[in-house]
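Just so it is clear, none of the values below were taken in a lab; they were calculated from the coordinates. Model, not experiment: these values are computed from the prediction. Backbone-built Cβ (ideal geometry, glycine too); neighbour counts: all protein chains shown.
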Amino acid sequence: MIRCEALTAGYGKKAVIREITWQAEPGRLTVIAGPNGCGKSTLLKSVMGQTRILDGRILLDGRPVDSWNARERAKRMAYVPQSRNEVNLTVARMVLHGRFPYIVYPRHYTKEDQDMVEWALEKMGIQDLKDRLMSELSGGERQKACVAMALVQDAPAILLDEPTTYLDISCQLELMEILKQLAAEGKAVAAVLHDLGHSLRFADQIMVMEHGAVADAGTPEEILERGILESVFRLDICRSTDQAGREYYWFQRRKANA
Amino acid sequence: MDRKGGGILACLLLLFVLTCFLSAAVGSVNISFAEMLAVAAGRGRTVHENILLRVRIPRTAACALAGAGLAVSGAVIQNVLQNPLAGPNIIGVNAGAGLAVVLCSYFFPLSYCLMPAAAFLGALAATMFIYGLAKKTGASKVTLVLAGVSVNSLLNAASDLVHTFGNDTLSSTYSFRLGGFSAVSVQVLAPAGLFIVCGILLVCLLGNELEILGLGEQVAMSVGLNTRLFRFLFLTLAAALAGASVSFAGLLGFVGLIAPHIARRIAGEECRRLLPFTALFGACFVMLCDLAARTLWAPYEIPTGILLSFVGAPFFLYLLFQQRRRRSHD
């Protein structure tokens, strides 16, 4: 389990996030929401050890995250970054590298690793793309391949930084359903999301950040009730439910003098 | 390796063997295969034995080693800097090695064994400087290449300065600057060759790590690769390969740029295929260029580096425009 305790972190000596206390819980999809520049991605990068911790600590399975060696840490949490290099590897080969933390002498991927790749590609519904080059894929297909790579890491926690960016609405919904399903299977899933509609609909827990600190955290219901999204994003939220019980949200920006 | 990859590798190996044979057989005196076998059996004519053992075989080995070393060095640098325009001669790695060799020749004129070590240190210093620059400034791919060009000029100017002061002791520096194999000696080739063979084997062994590093810093870290350690290790290996090659072949340009690109088109990006293909292709390419340089204008022999530059410079311009076109499409 990942737990941040009074975490202050940033780049160099400059703190970008301050006094963050948060944990990614197994079986839950946690969405980290907040305006641009509020430190959402920095929080995930800090957990991955890519920023400088200025105060507080991050615990992974009860131990400070930097006390784990890189491979042991990778077995415990996977990370899907916002962007990655365009590579000309096949989908299967790139996903296979998700098994890197488990590779042992003689340093070849095993049959078991290959089977894991097949499983992950099937789970993401992209098994027919396995021999295609990553550079030939659409944004949605590429993102699914990246999530498949995180899946074969077989880590109990998965962190995703804006996974729905650049995806069409159908792909966004499909990806959110997959994340929800992963959480239902017992993984701790945490995603930075910009789409408040997806956040309110799919998340089990929402943490709202503002100016590098936690503004509020709770279930979507609690967050809506407390009106924190309205004040942080300066907007009005309307909610309606159709006959099938599905909820819809509309967002209206508040005028500057309102 | 799958059947297709195995087939292509077998073809390249065949090309390598044929090129080695051609390089050893063709020259001012042509030596037939039967005569080569006779020399191998100890029954050959003395003149053929002398030509083969003292000139052609060391020269062929030097071409193959320098070609393979520079090509793999280029593949590693391109992967680690994630810049397809980077190559050991473009970003100043060769020039760094060159300056170190010139300095070494100036201060220790007869210490042949020191040359590979000096070249390695020079190449390493230039590599780390360029890498530091890329990391610190977040320079774009083209900007990094431009920075490399200026570092190249600076280091070459420093070499020229040393040459000006040490004209007598550095009589061979001119041919060294051009790059070629006419003056290659076994004393310099042996330690450098060992460096190159070990370096290539080590890079091939670490193919998975190199491939993962190419996926980008964040992905590499997330799958448990110690990126800082491996980036340093790979750049050190690239510098060792380029430095060792430069120590006996001089400032050969563009092999480290052309060979990985063509190998990538044939073999794809998977390092388990790419690295052996790059090494073999680089070796064949330099052997063929050297063969052309010493036979096409016979009885004159032009330095191999000049021919490589005539081939490499247009190729680099092609890559540069391709890169710009890709950016404008993005």
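Across the range A:93-190, Cα pairs under 8 Å and at least six residues apart give a relative contact order of 31 percent. For the protein assembly as shown, the dipole from Cβ point charges (+1 on Lys and Arg, -1 on Asp and Glu) about the Cα centre works out to 1180 debye, to the nearest 20.
Over the range B:193-330, what per residue volume does the convex hull of the Cα atoms give, in whole Å³?
125
Extending 7 Å from Cα along the Cβ direction at A:ALA184 and again at A:GLU225 yields two label points whose distance is 2.5 nm. Helix-only arithmetic for chain A: the sum of -39500 (n - 2.57) across DSSP H runs with n ≥ 4, divided by the residue total, places the mean residue ellipticity at 222 nm at -9500 deg cm²/dmol.
Is the shape of chain A best called rounded, prolate or oblate, per the rule: a/c under 1.5 gives rounded, else a/b larger than b/c gives prolate, else oblate, with a ≥ b ≥ c the square roots of the Cα gyration tensor eigenvalues? The shape class here is oblate.
In terms of other Cβ atoms within 10 Å, A:SER41, A:SER46, B:SER32, B:SER245 run from fewest to most in the order B:SER32, A:SER41, A:SER46, B:SER245.
Using only helices, what value at 222 nm comes out for chain B when you add -39,500 (n - 2.57) per DSSP H run of length 4 or more and divide by the total residues, to the nearest 500 deg cm²/dmol? Mind showing how you got there, number by number?
Values: 15 runs with 251 residues, N = 330.
Calculated from helices alone, the mean residue ellipticity at 222 nm is -25500 deg cm²/dmol.
Averaging the Cα positions of each part gives two centres, and for the range A:162-189 and the range B:89-110 these lie 55 Å apart.
If you bin all the Cα-Cα distances of the range A:30-178 at 5 Å, starting from zero, the percentages per bin are 2, 9, 17, 20, 20, 15, 10, 5, 1, 0. Here B:CYS113, A:CYS238 are placed in order of increasing Cβ neighbour count within 10 Å, fewest first, which gives A:CYS238, B:CYS113. Where in chain B are the DSSP H helices whose alpha-carbon span along the long axis reaches 15 Å or more and whose Kyte-Doolittle mean is at least 1.0? Going by DSSP H runs, the hits are B:3-25, B:57-81, B:93-107, B:114-137, B:141-165, B:186-205, B:227-249, B:271-295. Distance between the modelled labels on A:LYS255 and B:ASN30, one decimal in nanometres: 9.3 nm (7 Å Cα→Cβ projection).
With the Kirkwood sum run over all distinct C-alpha pairs, chain B has a hydrodynamic radius of 20.1 Å.
The ranking of B:ARG264, B:ARG228, A:ARG226, B:ARG3 from fewest to most other beta carbons within 10 Å of each one's beta carbon is B:ARG3, B:ARG228, A:ARG226, B:ARG264.
Calculation over all alpha carbon pairs of the protein assembly as shown in 20 angstrom steps from 0 returns a P(r) of 19, 43, 26, 10, 1, 0 percent. Taking the longest Cα principal axis of chain A as reference, the axis of helix A:111-123 is set at about 40 degrees.
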